[in-house]
1. Treating only the Cβ atoms of Lys and Arg (+1) and Asp and Glu (-1) as charged, compute the dipole magnitude of the chain about its Cα centre; round to the nearest 20 debye.
2. Can you figure out the FRET efficiency of Asp100 with Ser21, using R₀ = 30 Å and their beta-carbon distance, to the nearest 0.05?
3. Are there any trypsin sites (Lys or Arg not before Pro) in segment 62-115 that are in a DSSP loop and have at most 15 other Cβ atoms within 10 Å? List them by number.
4. Can you give the calculated 222 nm mean residue ellipticity of the chain, where each DSSP H run of n ≥ 4 adds -39,500 (n - 2.57) and the sum is split over every residue, rounded to the nearest 500 deg cm²/dmol?
5. Taking only protein heavy atoms into account and a 1.4 Å probe, give the accessible area per residue of the chain in Å².
6. Pick out, from Met75, Ala96, Tyr36, the residue whose Cα sits farthest towards the positive end of the charge dipole of segment 1-120, with +1 on the Cβ of Lys and Arg and -1 on the Cβ of Asp and Glu.
7. Grab the Cα-Cα distance for Ala60 and Ala136, subtract it from 0.36 nm times how many residues apart they are, and report the gain in nm with one decimal.
8. Just to be sure I understand, if you calculate P(r) over Cα pairs in 10 Å bins from 0, in percent for this structure, which of [x] 11, 38, 29, 16, 6, 0; [y] 11, 40, 35, 12, 3, 0; [z] 11, 43, 35, 10, 1 do you get?
Amino acid sequence: MTCTRVDSLDHSIETTNRWLSDLARELGATDRRVAYQALRGWLHTLRDRLTVEVAAHFAAQLPELLRGVFYDGWMPSRVPVKYDPDEYLERFAHEANLHDTDALTPLRAVTRCVRRHTSEGAVDRAFGQLPTSVRALLDAPAPAVAPAGKAT
């Protein structure tokens with residue numbers, strides 16, 4: 001589907017739409033604006049915790065449209081901002097327009113989605129700059145579903 005008639009931009013729009021559809025499904029959201037808010041919040045929160053060099057390498061993995069979202073409002077002279085897991089979650093909630101108590105599930109859903117849509121190792125390289133406690137917050141495995149009749 002052509003929107004702009006500029007191949008690279010049309011490709012970026014299509015790719016971004018795939019990311020948002022995937023994330024909306026993961027979140028159980030019918031409104032892709034919810035997925036966009038969560039993705040945008042995730043990108044900004046991570047970006048501000050990274051050094052300029054690592055942020056640039058990570059951004060290179062994003063579709064052109066999402067790269068613009070990533071850099072929107074960035075102040076490279078003020079990074080990295082160091083925050084603990086509670087502050088990270090609070091900042092994500094603020095950026096994603098979520099209540100703090102509702103932010104953990106979307107935070108982890110976005111991490112899984114970004115991992116699916118970027119090259120292997122891109123997220124790991126960025127996460128390598130984060131304290132172990134923040135990495136654990138972002139990258140906890142999806143909850144296991146117990147077989148019928150068995151408790152976990």
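The values are calculated or read from the model by the stated rules, or taken from the named source; none is laboratory data. Given the structure is predicted, the values throughout are model-derived calculations rather than measurements. Using ideal geometry, Cβ is built from the backbone for each residue, glycine included, and neighbour counts are taken over all protein chains shown. In case anyone asks, the SASA skips ligands and DNA or RNA and just uses the protein heavy atoms, side chains included. Shrake-Rupley method; radii C 1.70, N 1.55, O 1.52, S 1.80 Å.
1. Dipole about the Cα centre, nearest 20: 240 debye.
2. That gives a FRET efficiency of 0.65.
3. Lys82
4. Values: 8 runs with 95 residues, N = 152.
Estimated from H runs of four or more residues: -19500 deg cm²/dmol.
5. Values: 8690 Å² over 152 residues.
I get 57 Å² per residue for the chain.
6. Among Met75, Ala96, Tyr36, the one farthest towards the positive end of the dipole of segment 1-120 is Tyr36.
7. Working: separation 76, 0.36 × 76 = 27.36 nm, distance 2.41 nm.
Contour length minus Cα-Cα distance gives 24.9 nm.
8. Working out P(r) over Cα pairs in 10 Å bins from 0, in percent from the coordinates points to [y].
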